[in-house]
1. Mind listing just one residue for me: the one in the stretch 7-36 that is basic (Lys, Arg) and within 16 Å of the ligand (Cβ to nearest atom) and, of those, modelled with the lowest pLDDT?
2. Against the condition more than 16 Å from the ligand (Cβ to nearest atom) and touching a residue at least 60 places away in the same chain (Cβ under 8 Å), how does LYS182 come out, does it pass?
3. Can you run down the residue pairs with Cβ atoms below 7 Å, 6 or more apart or on separate chains, where the first is in the stretch 104-119 and touching a residue at least 24 places away in the same chain (Cβ under 8 Å) and the partner is of a type in the set (S, T, N, Q)?
4. What number of residues in the stretch 168-184 are part of a helix (DSSP H, G or I) and crowded, with 17+ Cβ neighbours inside 10 Å?
5. For the stretch 37-52, what are the residues that are buried (at least 16 other Cβ atoms within 10 Å of the Cβ) and either part of a loop (DSSP other than H, G, I, E, B) or at pLDDT below 95 (or both)?
6. Can you report the number of residues in the stretch 133-155 which are more than 16 Å from the ligand (Cβ to nearest atom), of a type outside the set (A, V, I, L, M) and within 21 Å of TYR92 (Cβ to Cβ)?
7. Kindly provide the set of residues from the stretch 192-223 that are part of a loop (DSSP other than H, G, I, E, B), out of contact with any Ser or Thr (no Cβ under 7 Å at 6 or more places or on another chain) and surrounded by fewer than 22 Cβ atoms within 10 Å (Cβ to Cβ), ordered by number.
Amino acid sequence: MPEFKAVLFDLDNTLVDFYKLKGKCIGAAANAMVRAGLKKKPMQVIKELWDLYYEIGWEHQNVFQEYFQRHYGEVDWRIVAKGVYAYRRVKYEHSRSYPSTKHVIRKLRRKGIRIAIVTDADRVNAWMRLVEIGLADEFEFVVSAPCDTGKKKTDPAPFEFALKKLGLPASEVLFVGDSVSKDVAGAKAAGMKAAVALYGRTVKPVAGADYEFAELKEVLDVVL
Ligand SMILES: [Mg+2]
């Protein structure tokens, strides 16, 4: 088994239970907007918001505004503000890592394994998520693919950027992420071994990963 000196993690759906949280936030926002006067059933608004996120991206910051533009041709700012407020309240109250994340991260550190993040999220959003789940002090650094390299994670550039920051050869670094096309393919293109986080995936099966983790704690068996 290779000797790993560092582990690089994807953030969303690998350390943070992103889809579950997003679902709660969207539900709260849809209900708040219907209560505020949006003349639709909450379930329909929820479906249309998910569709919009899939289309314009998870990091989009003006989704409710965009929703009104598309469905009504103009924005009702009072309703949008109530939706955003409900969304944020739930987000701050319910941001969670997966149950074993903290234990795994702290154990890796105690054993002297270096850990950092490589994400497609913008730098500020990535750091905010780490603060929200109480892990902002655990990681050596965060590489935001778009902010640091101008690329997304199918490209090896963000992975190579992280290797350079670690000052380690690719053979000594394991990458853990939930996306086969982005995390596994990108990390392997940069020469690293890659593990796929099966628990964070909505689409199965997977192919191409060196390791498959049904739970995050399995990383300890590989690295320690
Ligand atoms: Mg992910």
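The values are calculated or read from the model by the stated rules, or taken from the named source; none is laboratory data. Note that this is a predicted model, so its numbers are computed, not measured. Cβ sites come from the backbone with ideal geometry, for glycine too, and all protein chains shown count toward neighbours.
1. Here the answer is LYS20.
2. When the stated conditions are applied, LYS182 does not pass them.
3. THR119/SER144
4. Matching residues across the stretch 168-184 total 5.
5. LEU38
6. Here the count works out to 3.
7. Residues satisfying the conditions are ARG201, THR202, VAL203, LYS204, PRO205, VAL206, ALA207, GLY208, ASP210, ALA214.
Each row is one residue, and each column tells you yes or no for (1) at pLDDT 95 or above; (2) within 16 Å of the ligand (Cβ to nearest atom); (3) of a type outside the set (Phe, Trp, Tyr); (4) surrounded by fewer than 17 Cβ atoms within 10 Å (Cβ to Cβ).
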residue: LYS107; (1), (2), (3), (4): yes, no, yes, yes
residue: ALA157; (1), (2), (3), (4): yes, no, yes, no
residue: LEU166; (1), (2), (3), (4): yes, no, yes, no
residue: GLY186; (1), (2), (3), (4): yes, yes, yes, no
